[in-house]
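The values are calculated or read from the model by the stated rules, or taken from the named source; none is laboratory data. Values in this document were obtained by computation on a predicted structure and should not be read as measured data. Using ideal geometry, Cβ is built from the backbone for each residue, glycine included, and neighbour counts are taken over all protein chains shown. To get the accessible areas, we keep the full protein, side chains included, count just its heavy atoms, and leave off ligands, DNA and RNA. Shrake-Rupley method; radii C 1.70, N 1.55, O 1.52, S 1.80 Å.
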Amino acid sequence: MSKNIEIKLLDSSAVIPQKQHENDIGYDLSSSKEISLPSKEVTLVSTGVAISLPIGIAGFILPRSGLASKHLITLINAPGLIDPGY
């Protein structure tokens, strides 16, 4: 059973999510703009990407272990759930 995920780039600096290694399960998201992350503050980061998920498929946004441990960058709602109807 093959289910396609449609991806739309919302601005010219957006990057299509990519795997860093062939055997990775997850895809890395990138910020579409250069930003500073102030210490101990919540910052919304735009990816410039929109996706359309098929019915029965969910998306999850998770912190990368390297960034989380080395730079103390994480998500306030980890894991972030994306439902197909969102």
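Before moving on, here are some points about what is shown:
- Qualifying positions in region 38-49 - open to solvent by 90 Å² or more (accessible area, probe 1.4 Å) and either aliphatic (A, V, I, L, M) or touching a strand residue (DSSP E or B) at 6+ places or on another chain (Cβ under 7 Å) (or both): Val42, Leu44
- Failed item in (1) modelled with pLDDT under 85; (2) surrounded by 11 or more Cβ atoms within 10 Å (Cβ to Cβ), with Gly66 passing the rest: (2)
- Residue in region 22-35 that is in contact with an Asp or Glu (Cβ under 8 Å, 6 or more places away or on another chain), at pLDDT 90 or above and either exposed (fewer than 10 other Cβ atoms within 10 Å of the Cβ) or on the phi > 0 side of the Ramachandran plot (or both) present: no
- Sub-6 Å Cβ pairs linking a first residue in region 24-41 that is farther than 20 Å from Ser12 by Cβ and without any contact (Cβ under 8 Å) to a residue 60 or more places away in the chain to a second residue that is among the aliphatic types (A, V, I, L, M) and part of a loop (DSSP other than H, G, I, E, B), at least 6 apart or interchain, number zero.
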